[in-house]
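Trainee: Pasting a structure here, questions to come.
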Ligand code: CA
């Protein structure tokens, strides 16, 4: 069995050590780096299964790094769990919009942290068996494996999350989907902050589809 590899990007040494020891205790390989530069060097060498990313870091912040890794084809599908001391709603939403898949606020509950990581690892494993991966949406072709939405005029490179959302909508075309249904199936849980983040993603996807008259995403109130 492959040992899950977790990259811990955290400048507070004591916290990072506590997390790393716990991950190792649960059969994972924890690689600790102090800042974005060291994290990038590590990512250039070996890709981890999960990234734990502190928000406040010397140099580039966690949000900047999440954005960067999301837009890099090599790293875009690695789940990112944002570690943050900030509990402002605005901050949580901007962390998720930057590309983090989930967040956990300080002080960390280690049990919860492990649980979230295990959810990510399970999801990655499940990816080998996702069902259909090529879809036709009006004039657009959607390639879920490569996260590309394209026709002969345009090519949109989607993030993993955008692609998950488009795929879920394709599989449920012509159906009315409830918000919590979409959240549970695409994000894995129903949560107020994720709901706010979902709205941002829906707006993005709507724009892609509208630009080519590919399909209509209709909102039905209530
Ligand atoms: Ca920090």
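Please treat every number below as a calculation from the coordinates, not as lab data. Source: prediction; values computed, not measured. No Cβ is skipped: glycine too gets one built from the backbone with ideal geometry, and neighbour counts run over all protein chains shown.
Trainee: Working out 0.36 nm times the residue gap between residue 97 and residue 121, then minus their Cα-Cα distance, what length gain in nm do you get to one decimal? Don't jump to the answer; show the numbers that get you there.
Mentor: Values: separation 24, 0.36 × 24 = 8.64 nm, distance 2.12 nm.
Full extension from residue 97 to residue 121 adds 6.5 nm.
Trainee: From the Cα gyration tensor of the stretch 98-193, with a ≥ b ≥ c the square roots of its eigenvalues, which class applies: rounded if a/c is under 1.5, or else prolate if a/b is larger than b/c, or else oblate?
Mentor: Values: a/c = 2.20, a/b = 1.91, b/c = 1.15.
Because a/c hits 1.5 or more and a/b exceeds b/c, the stretch 98-193 counts as prolate.
Trainee: To the nearest 10 degrees, how steep is helix 13-25 against the longest Cα principal axis of the chain, on a 0 to 90 scale?
Mentor: That works out to roughly 70 degrees.
Trainee: Roughly speaking, what is the stretch gain from residue 180 to residue 139, that is 0.36 nm per residue apart minus the C-alpha to C-alpha distance, in nm to one decimal?
Mentor: Working: separation 41, 0.36 × 41 = 14.76 nm, distance 2.91 nm.
That pair, residue 180 and residue 139, stretches by 11.8 nm at full extension.
Trainee: Just order 159-166, 182-189 by mean Cβ neighbour count inside 10 Å, highest at the front, would you? Don't jump to the answer; show the numbers that get you there.
Mentor: Details: 159-166: 21.1, 182-189: 16.4.
Going by the mean number of other Cβ atoms within 10 Å, highest first, we get 159-166, 182-189.
Trainee: Let me ask something additional. Could you work out the per residue convex hull volume over the alpha carbons of the chain, in cubic angstrom? Write out the running numbers ahead of the final one.
Mentor: Details: hull volume 28.9 nm³, N = 222.
It is 130 Å³ per residue.
Trainee: For the pair residue 106 and residue 47, how long in nm is the line joining their label points, each one 7 Å along Cα→Cβ?
Mentor: For the pair residue 106/residue 47, the computed spacing is 3.0 nm.
Trainee: Set the Förster radius R0 to 30 Å, insert the Cβ-Cβ distance between residue 206 and residue 152 as r into 1/(1 + (r/R0)^6), and round the FRET efficiency to 0.05. Intermediate values should be presented prior to the final figure.
Mentor: Working: r = 22 Å, r/R0 = 0.73.
The formula returns an efficiency of 0.85 here.
Trainee: Nearest 10 degrees, 0 to 90: what angle lies between the long axis of helix 192-211 and the longest principal axis of the chain (Cα atoms)?
Mentor: It works out to around 40 degrees.
Trainee: I would also like to ask the following. Quick one: work out the % antiparallel among DSSP beta bridges in the chain, nearest 5. Don't skip to the end; give the middle numbers.
Mentor: Details: 10 of 27 bridges.
So the antiparallel bridges amount to about 35 percent of the total.
Trainee: Quick one: if the Förster radius is 41 Å, what FRET efficiency do residue 170 and residue 2 give, using the C-beta to C-beta distance and rounding to 0.05?
Mentor: Details: r = 31 Å, r/R0 = 0.75.
The calculated FRET efficiency here is 0.85.
Trainee: So for each of 32-39, 93-100, 19-26 I average, over its residues, the number of other beta carbons within 10 Å; can you give me the resulting order with the highest mean first?
Mentor: Sorting 32-39, 93-100, 19-26 by mean packing, highest first, produces 93-100, 32-39, 19-26.
Trainee: I would also like to ask the following. Report, in degrees rounded to the nearest 10, the 0 to 90 angle that the Cα long axis of helix 36-45 makes with the longest principal axis of the chain.
Mentor: 70 degrees
Trainee: Report the label-to-label distance for residue 11 and residue 67 in nanometres (one decimal), using points 7 Å from each Cα along the Cα→Cβ vector.
Mentor: 1.8 nm
Trainee: Go ahead and estimate [θ] at 222 nm for the chain from helices alone: -39,500 (n - 2.57) per DSSP H run with n ≥ 4, summed, over the residue count, rounded to 500.
Mentor: Working: 8 runs with 95 residues, N = 222.
That calculation yields -13000 deg cm²/dmol at 222 nm.
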